[in-house]
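In what follows, a single structure is set out as structure tokens and then discussed.
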Amino acid sequence: MTYGIDFGTSNSVVARYNGDTTEVLPVDSGNVPAQWRQPEFEDLFPSVLSVRDFDRTLCFGWDAKTTTSDPVDAVKRMLGTRSAGMEQANEDSPLLEEHHVWIGGEPFRSTAAAAALFAQMKSAASRHLLDLSEAVVTVPANATGGARYRTRAAARLAGIKVKALLNEPTAAAISYATDVDIPGRLLIFDWGGGTIDVTVLDYDGKYFEELTSRGITALGGLEFDEALARIFLRKAGQIPENLTLHERNRWRRDVELTKIALSRRDIGEMDVDFPALGTSLKVSRDEYAAAAAPLIERAMDPLQQCLEDLGIGPADIDAVLMIGGTSQIPEARDAVGSLLGTDRIVDPGLCHPMTAVARGAAVYSAALDHHLDRERFSLVTNYDLGTAIAGGARKGFVPIIKRNRTLAARGERRFTPARPNASSLRVEIVEGEAGYAADSDRAFPLGVLEVRLPKPEQDPERNAVVIDFRYDHSGILRVKVVHEVTKRLLMEAEIDSFGKDGTPLQQGLDGELNRLLAHADTPFLQNAESEGVGREGTSGVTSDVLEPEVHQASVRPVPDSDLSVNGVAQPRI
């Protein structure tokens, strides 16, 4: 059997391909509460972990989502974002420091929390006498390098070998084409709990070729929850900042259930009880639709950008796949239909909105095992890869591998020290976008290379190095540094570090994961009333209504070092 895992912001899905068809593994289907039984929901494993209110032990999935007062979710969103306050910690160049979540009064890195969720999926497979020891794991098409590495590291920690990382929209297209084998140009509108990605690819009946992809990394169902929550708070006369963490968590699932109900066209108005707020409220579908309209309008931006990237119009799109729970909101489907034509939108029965990504990943996994032809699948880079250079008030960005390059992709650049007698070079590696600064919100710092030179040289040109950058088929970056004069190999490594101290991503995470999972049987010592007092944040979602802030990871300073890119001195981080 070959497996695919859709590790989602709100929900995860595991599927397998048996040579003829794909099927979804029931990870947590027996625990779906009656009020949550919606189409395909029995196939979902909520990406949530928490502590039971009474015995203080760790739980996951539907149990954690619906029965506890302090659920920790949206861990996936933390894997590829900057920690809160990082800009204040160092305004020159904020890096992707590891987020922390608080579970049972104890801090855990977000990668360890994600690993615990992967471990539960593996355990569920074992209960069905299946060996989920390797799988293709999906990531958002526009996932940062940090998100890709941490997702893979989390699966590894849980004992799941990641055969490849596959973009979620492309996985959905593979699933659709496996069931409905009609060649054409597909646009995949992937809008789930945390992100929106729009991808255009060609399918000629045999080969899949990604053409372009655009997205927004923090726009999804969580933002719809927040918009609805603001309506409730306004009606109740509450100020978000006055609510405690426990008050937020007690009624956040009621907000989500109300959102699901109001997403149906046949609902006019709803009565909603909020014991935690001491009130009952009425909310109309029109009120909710008005609050959601700006989010839907913003979601059209990446769709338009994809068309502009390729210089095409709606008539050039043959079919539109709308996947992810948020994409099924009627107004979202209407907006896409008004831009591309409603006749091009594929019926949900032909492309399962909630499970197509995992199904496609399982098919791709089979291709990697040579059960199918691997060469059928052609993926592309989703950002420009480059380096930061001195650029006045803002850091300049020099692309080395352009976006939309077919994977595997490579590029190289020459670097020289900034001054004579330098003993090292320092290179900032950034995923960004041409035309924008390296420290803008379009840029994601992957790490810093510290290259030791063979010996100091009075002439900096004699210590020039050539750095070769290579993305593999999963979008994982490897670098090779060669001394130009002597041809000596100075470094060859995979970029897996996202901290200022250069600590490898995996260091210490195995022990942290074991400590967390031990609490599935052993209660946390700190009681619920003391949690959240005297510390920042818990669950890590960026909403300021339903979710608290992220706890800040510690930062260690880095000493000055010498670098220039083609003779331009680099600033200190």
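The values are calculated or read from the model by the stated rules, or taken from the named source; none is laboratory data. All of these numbers come straight from a predicted model, not from anything done at the bench. With ideal geometry, Cβ positions are generated from the backbone for all residues, glycine too; neighbour counts draw on all protein chains shown.
Worth a mention:
- Within segment 303-358, if we keep just the residues that are among the acidic types (Asp, Glu) and closer than 30 Å to Phe45 by Cα, the residue that is surrounded by the most Cβ atoms within 10 Å (Cβ to Cβ) turns out to be Glu331.
- Of the candidates Arg426, Arg442, Arg419, the single residue that is out of contact with any strand residue (DSSP E or B) (no Cβ under 7 Å at 6 or more places or on another chain) and either of a type outside the set (A, V, I, L, M) or part of a loop (DSSP other than H, G, I, E, B) (or both) is Arg419.
- Checking each residue in segment 194-213 for being in a strand (DSSP E or B) and either within 14 Å of the chain's Cα centre (by Cα) or outside the structural domain of Gly311 (by TED's automatic domain parsing) (or both) picks out Ile196, Asp197.
- Of all the residues in segment 168-193, those that are of a type outside the set (D, E, K, R), in a helix (DSSP H, G or I) and within 21 Å of Ala299 (Cβ to Cβ) number 6.
- For segment 27-36, filtered to residues that are within 20 Å of Arg359 (Cβ to Cβ) and at pLDDT 90 or above, the residue that is surrounded by the fewest Cβ atoms within 10 Å (Cβ to Cβ) is Val32.
- Test: residue in segment 12-25 that is assigned to a loop (DSSP other than H, G, I, E, B), touching a residue at least 60 places away in the same chain (Cβ under 8 Å), surrounded by 17 or more Cβ atoms within 10 Å (Cβ to Cβ) and touching a Pro at 6+ places or on another chain (Cβ under 7 Å): no
- Members of segment 461-480 found to be crowded, with 19+ Cβ neighbours inside 10 Å and either touching a Cys at 6+ places or on another chain (Cβ under 6 Å) or not in a loop (DSSP other than H, G, I, E, B) (or both), listed by number: Asn463, Val465, Ile467, Phe469, Tyr471, Leu477, Val479
- Pro420 modelled with pLDDT of 90 or more, over 30 Å from Ala64 (Cα atoms) and either surrounded by fewer than 17 Cβ atoms within 10 Å (Cβ to Cβ) or of a type in the set (Val, Ile, Thr) (or both): yes
- A count restricted to segment 397-410 and to residues that are in a strand (DSSP E or B) and surrounded by fewer than 17 Cβ atoms within 10 Å (Cβ to Cβ) stands at 2.
- Ala292 vs. criteria over 23 Å from Ala356 (Cβ atoms), among the small types (Gly, Ala, Ser) and surrounded by 20 or more Cβ atoms within 10 Å (Cβ to Cβ): yes
- Taken over segment 235-250, residues that are surrounded by 19 or more Cβ atoms within 10 Å (Cβ to Cβ) and either hydrophobic (A, V, I, L, M, F, W, C) or modelled with pLDDT of 85 or more (or both) amount to 1.
- Any hit, segment 123-141, residues being outside any strand (DSSP E or B), among the polar types (S, T, N, Q) and crowded, with 24+ Cβ neighbours inside 10 Å: no
- Residue in segment 408-418 that is outside the structural domain of Lys206 (by TED's automatic domain parsing) and under 30 Å from Thr9 (Cα atoms) present: yes
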